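Report on the structure given below.
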Amino acid sequence: MNFEAVIGLEVHAQLLTKSKIFCGCSTTFGQRPNSAACPVCLGLPGALPVLNREAVNMAVKMILAVDGSVGMTSVFARKNYFYPDLPKGYQISQFDRPIGIGGRIAFEDNGVRKQIRLTRIHLEEDAGKSLHPEGHSEDFTRIDVNRCGVPLMEIVSEPEIRSPREAYLYLHALKQIVEHLGICDGNMEEGSLRCDANVSIRPVGETKLGTKTEVKNLNSIRGVEKALRYEIDRQIAIVSSGDRVEQQTLLYSDADGRCYPMRSKEESHDYRYLPDPDLVPLQLTPNWIATVQRELPELPLNRQDRYVHDLALPRYDAEVLTSSPGLALYFEETLAACPDAKLVANWIMTEVLARVKGNAAGIAGFAVEPARLGRLLEMIRSKAITGKIGKELFECMLADARPVEAIVAEKGLAPIADSSDLGGLIDKVIADHPKEVARYRAGQTKLLAFFVGQVMRATGGRADPAVTNELLRSKLAQSE
Amino acid sequence: MATALQLRQQFLDGERNLGEYYHELLNRCEDVNHRLNCLNVVTSELAEATVAQLHSKLTSGRPKGKLFGLPIIVKDNICLKDHPTTCASRILNGFVPPYNATVIDRLLADDAVIIAKANMDEFAMGSSNENSALGLARNPRDLERAPGGSSGGSAAAVAAGLVPLALGSDTGGSVRQPAAFCGVVGLKPTYGAVSRYGLVAFASSLDQIGPLAADVHSAALLFDVIAGHDSRDSTSAQQSLAGAEENLKAGVRGLKIGLPREYFAAGLDAEIAAAITRVADWLKREGAEIREVALPHTKYAVAAYYVVADAEASSNLARYDGVRYGQRAAAHDLLSMYTETRHAGFGAEVKRRIMLGTYVLSSGYYDAYYAKAMKVRRVIMQEMLEALNAVDLLLTPTTPTTAFKLGEKTEDPLAMYLSDIYTVSANLAGLPAISVPCGVDAAKLPIGAQLIGRPFDEPTLFRAAAVIEASSR
């Protein structure tokens, strides 16, 4: 029997606000434990939450970017459950009236445009962290509340994803969108982007849903793909052998690529949601939304389409260049100084990316700013220098912050275009290669390239190719 | 005893010495508390430090606050920085807030002197002050009777003449009911008029801090100081509030005052009914127009109130788990640590309400109880607002009986809950309401008249209350 997978993803994106969602504490990652804590995020008696407008703006940005509809009145609810790192005994989240409803995330799968619809987007606060120190004789747990109240945006997809590969592409596209919007750094390793997956399988053609399991602890996009593949295969094996899939929550282990049961359904919670009486309903206005709309940048997929249609770049190039907002910006700024899109794309995808890779400063801190690279490429495009010299120059520019023209002048890398300078050299080349001259004159005009090469070698590549060609042609003809 | 206004003037004029006054007052605290058990802690050091500051302010030319030199007692569910805040519960043993409630900041900014934290029903749940882990408080009018709850300690301290001013909190009548039992003035402000920041929550959508005072003028003075927007409380009203003290003497001429007929039905003590009728006559004599109005959904108010309040309480009290502060029970696993801590920490009434609240919020019963109670709440609010379109104020009894005997109702929670029957509607609807003494019954026990007003119309409440006060003297 053939099976298909039915996958829905719940993605938590940590918003890049400076302060927490309900208080003024800092959200910076990696601070000393319990140093970013105040009565509000600690849930001390009498402390009250006050909503951070910036978190709302970021959520609205996302909703608009994915064509969802903004809930003009959304309600914060309490999700009640006991947990040691949940100081209030409840998490403030959104329940039946979220800030975003619907929307979709689109991506390209082998040249085919696909889209996955979204159920909802909502805002909530993060919980703290329980630390279980190992290597101590006593058994104890430490609580770090720094993460309590960090703003999260939860993006819930419809169960429309049909394969681990689609899940991968969906997540990749989602990550690109939040990064382009500047609302999340997309770092799955640091937990800025977290994903839980609901998975079930059913025979192809069946419309009823099978029993689903929930896979948690997915901390890389590749990990999601691998975990889903594992879990789908496991479910197929169970069903094929005549057994039933048990509804449960699984933890994915990156170490061995397997999923392990976390808790069974008997422990399932009754969260006893209630509208949080400490927070009045969030009332958005058309004006508010219009303001956010105006700040909305171009989205990665739209950008790719524009690169393909307007700049005639291959889809692959467009995908690479839009893989991060910083790179796309670098590309476009370089393009402003040199209009040959393919030349610019090639250089960025090879020379630039090779050097940015593994560099903490990233593209934004890259030594050769886009304007300087643009001038260099423009010199190549207008044949003021050769590509070979260009690469040499690029090396110099990595360590030398001056404009490319200054480096060219200092290193004497300016092309030799003067016929009087090149004349003697060409005469010498002709004199040194009588056989080739004879063959050329006998009609093997393809040998012109050989002579050009000799001149280039003699000048270290600086000879202007056009002038060299012209002079060689006339001198080889003259002596006839 | 001097009123708050007179006392302030005496300090300013140098007729009374701050240091001597407080020396004597702090000594009196002990005596009064010995009789009434109305104070959980006397904050002598804070009081003395404040008095020293005020003293130097007195000799300099700096401006003096509205409450200059006035002693005040605050209910022990209001956070006072660096002082234990107990909510009269064992579970908060050892909890010392590192912050002040907004009302505390405002009191101090206006030169009040905080001298003590008042006894109360545990987590403000109760109508007699008998649910206190620190022992019951007594009514100074009759030591065998309850001072009312849950702000019983605050009301008793004022009634005993210890202080002219105190703060309580009112979730279903917890300022007004003890005010009526003890014969003092008590206001439940409009929801959102006074910041709840630093008030340990019982039921967040109903709680409101309110003044208790020996006289109407003092209550108005205190209300003006504590009211106003607070950016730390999202439910705090943005609008600017009219001063209550300014037009206090404007009288009631031309005001329309409604008597809701449902508030004068079976269960109301005949002497109280007669007293409120008399109050209506006084107001009429002073130029108000008295009308009967109908509030047919009043009979559902107590039921809706206990569902909503307990639901919120079950959620608000979840944070007391023994993990970060307060006392923690020794246990071998997490769940037992929670259950043992909460078993030992909470009193019977609090547990009863947490269980009720948990039940009404559980997914199987949510629609039948919580969702329905919220609908009833909306209907009650609309009905009251409509009535208040036709009249400026509603006049009702504050309580169905005068102060009952200690122990009389402790075995019958339902009977206890019914002592809030006239007060809970104002909380459900978020309306301001005041209880003002209007006489005594045959046993010389005080009777309270309640006025309910339009949102943020505390000034009109105080005008009418002043007339009642003047007439009852």
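Read-outs throughout are calculated quantities, based only on the coordinates presented, and are distinct from any laboratory measurement. Keep in mind that this is a model prediction, so the values were computed, not measured. Methodologically, a virtual Cβ is constructed for each residue, glycine included, from the backbone with ideal geometry; neighbour enumeration extends over all protein chains shown.
A compact table of results
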quantity: For region A:267-333, diffusion coefficient by Stokes-Einstein and Kirkwood Rh (Cα), 20 °C, 1.002 mPa s, µm²/s; calculated: 135
quantity: Prolate/oblate/rounded call for region B:358-473, Cα gyration tensor, a/c under 1.5 rounded; calculated: oblate
quantity: Helical contribution to [θ] at 222 nm, DSSP H n ≥ 4, -39,500 (n - 2.57), averaged over chain B, rounded to 500; calculated: -12000 deg cm²/dmol
quantity: Relative compactness, region A:347-480, computed as alpha-carbon Rg over 2.2 N^0.38 Å; calculated: 1.31
quantity: Centroid-to-centroid separation of region A:284-362 and region B:326-344 [C-alpha atoms, Å]; calculated: 56
quantity: Prolate/oblate/rounded label for region B:97-147 (Cα gyration tensor, a/c 1.5); calculated: prolate
quantity: With Cα atoms, 0 to 90° folded angle of helix A:325-337 axis to chain A main axis; calculated: 30
quantity: Sorted by Cβ neighbour density within 10 Å, fewest at the top, the residues A:Trp288, A:Trp347; calculated: A:Trp288, A:Trp347
quantity: Given charges at beta-carbon only (K, R positive; D, E negative), |dipole| of the protein assembly as shown in Debye; calculated: 1160
quantity: Ellipticity estimate at 222 nm from DSSP helix runs (n ≥ 4, -39,500 (n - 2.57)) divided over chain A, nearest 500; calculated: -12000 deg cm²/dmol
quantity: Length-normalised contact order of region A:1-70 in % [C-alpha pairs under 8 Å, at least 6 apart]; calculated: 27
quantity: Spin-label proximity, B:Leu385 to region B:185-227 - amide N less than 19 Å from point 7 Å beyond Cα toward beta carbon; calculated: B:189-194, B:205-207
quantity: Estimated vicinal HN-Hα couplings, Hz - region B:445-452 in sequence order (Karplus 6.51, -1.76, 1.60; Gly, Pro = x); calculated: 8, x, 10, x, 9, 10, 10, 10
quantity: Whole-number percent relative contact order across region A:195-262, with pairs defined as alpha carbons under 8 Å at least 6 apart; calculated: 33
quantity: Enclosed volume per residue, in Å³, of the convex hull spanned by Cα atoms of region B:1-148; calculated: 113
quantity: Dmax and Rg, reported as Rg then Dmax, of region A:254-410 (C-alpha, Å); calculated: 24.0, 77
quantity: Once the Cα gyration tensor of region B:205-341 is diagonalised, semi-axes √(5λ) in Å; calculated: 42, 24, 14
quantity: Cβ charges +1 (Lys, Arg) and -1 (Asp, Glu), total dipole of region B:103-243, debye; calculated: 120
quantity: Principal semi-axes in Å for the protein assembly as shown [√(5λ), Cα gyration tensor, largest first]; calculated: 75, 33, 25
quantity: Whole-number D in µm²/s for chain A (Stokes-Einstein; Kirkwood sum over Cα pairs; 10 °C, 1.306 mPa s); calculated: 59
quantity: Alpha carbon centroid spacing (whole Å) that separates region A:108-144 from region B:1-78; calculated: 53
quantity: Region A:296-370 - Debye-derived log10 I(q)/I(0), Cα point model, q = 0.14, 0.15, 0.17, 0.26 Å⁻¹; calculated: -0.39, -0.45, -0.58, -1.33
quantity: Pairs of alpha carbons in chain B whose separation is greater than 35 Å (percent); calculated: 26
quantity: Between 0 and 90°, nearest 10: helix A:53-65 axis offset from chain A longest Cα axis; calculated: 60
quantity: Anisotropy class of region A:3-126 from Cα gyration tensor, a/c 1.5 cut; calculated: prolate
quantity: Cα-based helix-to-principal-axis angle, A:221-240 vs chain A, degrees rounded to 10; calculated: 60
quantity: Burial ordering of B:Thr59, B:Thr423, B:Thr43, B:Thr410, fewest other beta-carbon atoms within 10 Å first; calculated: B:Thr59, B:Thr410, B:Thr43, B:Thr423
quantity: In range of the label at B:Lys405: residues from region B:145-163 whose backbone nitrogen is under 12 Å from the point 7 Å along Cα→Cβ; calculated: B:145-146
quantity: Cβ-based exposure ranking for B:Ser435, A:Ser19, A:Ser419, in which fewest neighbours within 10 Å come first; calculated: A:Ser419, A:Ser19, B:Ser435
quantity: Exceeding the 28 Å Cα-Cα cut-off - candidates B:Lys351/B:Lys372; B:Lys117/B:Lys249; B:Lys64/B:Lys256; A:Lys88/A:Lys216; calculated: B:Lys117/B:Lys249; B:Lys64/B:Lys256
quantity: Value of D in µm² per second that Stokes-Einstein yields for region A:437-478, Kirkwood Rh from Cα pairs, at 37 °C (0.692 mPa s); calculated: 315
quantity: Bins of 5 Å from zero: percent of alpha-carbon pairs in region B:140-291; calculated: 2, 9, 14, 16, 20, 19, 13, 6, 1, 0
quantity: Cα-Cα over 28 Å, subset of A:Lys342/A:Lys428; A:Lys61/A:Lys342; A:Lys20/A:Lys175; calculated: A:Lys342/A:Lys428; A:Lys61/A:Lys342
quantity: Calculated P(r) tail over 23 Å for region A:54-159, as whole % of Cα pairs; calculated: 44
